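Remarks on the structure that follows.
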Amino acid sequence: MDLHLRDLRYFEAAAEMGHFGQAAEQLARSQPALTKCIQRLEEAFGSPLFEREGRGIRLTPVGQMLLGRARMLRNTAEEVVRQVQEFAQGLAGHVRIGSGPVAADHLLPEVCSLALEGGHKTTISIVVGPSWELREQLREGKIDLLIGLTIDGDPTTISYPIVEDVVVVAASRSHPVFATPKITMQALLTYPWALPAPAIPSRLWLDMAFANQGLAPPSVQIEASSIALLPRMIARTHLLSFVSRHTLELPGGDHLEEVRLEATTLRRKLGVTVRRAGELSPAAQRIVELLRSQGAALAAAC
């Protein structure tokens, strides 16, 4: 069975538009040509890929599965072309970096500066977001490398630890918690909190830490999907939060203070993660090597 990338590209367009006519118009092809392409795919897989929905179409379960695989194949094909072109240019080329918020503040500016030293023609695109959200982009080949929390137990990726990230309870220096004679987990529950969204790993860990002590989770007054927003939020309120200790060392972090309690201290690793089976371009390899060799020193200097 021969699969043509063009057929898969046309299939993707039809799936995204939900309408054969609109997809054909977008592709600058006739609708009969697009329909014939879909029929070839359906014959190859022995199953319908679309079903009618009103005036449009929607994917069948088989179609939904193929859509994910088609995107992976397209990204892989584009990556092959890009890597060969970059190899021919030596260290010139484009590198797509995904970065967690902490790494973006502490490692990324310095690493990018080193990567561009010496007149290298490397170009870099950066996507900043929670590490757990960027992992799927890495697996699908949408980014070349991920700088953030290391990934354990994933056979499709390999992580190189760089520096320890410690997440702690923090508050504004004027918060009444610092007048407490003895700070305990129970005492922390008497105050409202500003925390990341429930699905974010640090929030899951904190809730579990309280649960393991037979305690209720913190009372959340402000919940944010952006971790970077939390330090500024608690600086203007009497809310507790759970943030990276590195954040307290950033400019503007001096108005915050760590609420020291070992039971609410999360220790984890920041590093660089790449696809195990993927081949990095020379430019991407250089950035990975810079992170592995100088990342710890760069983080300590920030």
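The values are calculated or read from the model by the stated rules, or taken from the named source; none is laboratory data. Keep in mind that this is a model prediction, so the values were computed, not measured. Because the Cβ atoms are built from the backbone with ideal geometry, glycine has one as well, and the counts that use them run over all protein chains shown.
Tabulated values for the structure
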| read-out | value |
| --- | --- |
| Matching option when the condition is of a type outside the set (Val, Ile, Thr) and either modelled with pLDDT under 95 or under 23 Å from the mean Cα position of the chain (by Cα) (or both), among 262, 249 | 249 |
| Checking residue 151 against (1) farther than 30 Å from residue 95 by Cα; (2) surrounded by 15 or more Cβ atoms within 10 Å (Cβ to Cβ), the condition it does not meet | (1) |
| Cβ pairs under 6 Å, 6+ apart, first in region 125-136 and over 13 Å from residue 149 (Cα atoms), second not small (Gly, Ala, Ser) | 125/96; 126/97 |
| Every pair of residues 6+ apart whose Cβ atoms lie under 6 Å, when the first sits in region 147-175 and is closer than 14 Å to residue 234 by Cβ while the second is of a type in the set (Val, Ile, Thr) and assigned to a strand (DSSP E or B) | 170/243 |
| Considering residues of region 50-75 that are in contact with a strand residue (DSSP E or B) (Cβ under 7 Å, 6 or more places away or on another chain) and in a helix (DSSP H, G or I) only, the residue surrounded by the fewest Cβ atoms within 10 Å (Cβ to Cβ) | 67 |
| Residues (without any contact (Cβ under 8 Å) to a residue 24 or more places away in the chain and not in a helix (DSSP H, G or I)) located in region 200-211 | none |
| Identity of the residue in region 145-161, touching a helix residue (DSSP H, G or I) at 6+ places or on another chain (Cβ under 9 Å) and assigned to a loop (DSSP other than H, G, I, E, B), that ends up nearest to residue 271 (Cα to Cα) | 150 |
| Of all residues making up region 137-159, the number that are modelled with pLDDT of 90 or more and among the acidic types (Asp, Glu) | 1 |
| Residue pairs meeting the criteria (Cβ under 7 Å; at least 6 apart or on separate chains; first assigned by TED's automatic domain parsing to the domain that holds residue 58, in region 12-29; second of a type in the set (Lys, Arg)) | 12/71; 18/58 |
| Hits in region 110-123 (condition: in contact with a strand residue (DSSP E or B) (Cβ under 9 Å, 6 or more places away or on another chain), farther than 25 Å from residue 229 by Cβ and modelled with pLDDT of 80 or more) | 115, 116, 122, 123 |
| In region 113-144, the residues that are surrounded by fewer than 20 Cβ atoms within 10 Å (Cβ to Cβ), within 18 Å of the chain's Cα centre (by Cα) and part of a helix (DSSP H, G or I) | 132, 133, 136, 137, 139 |
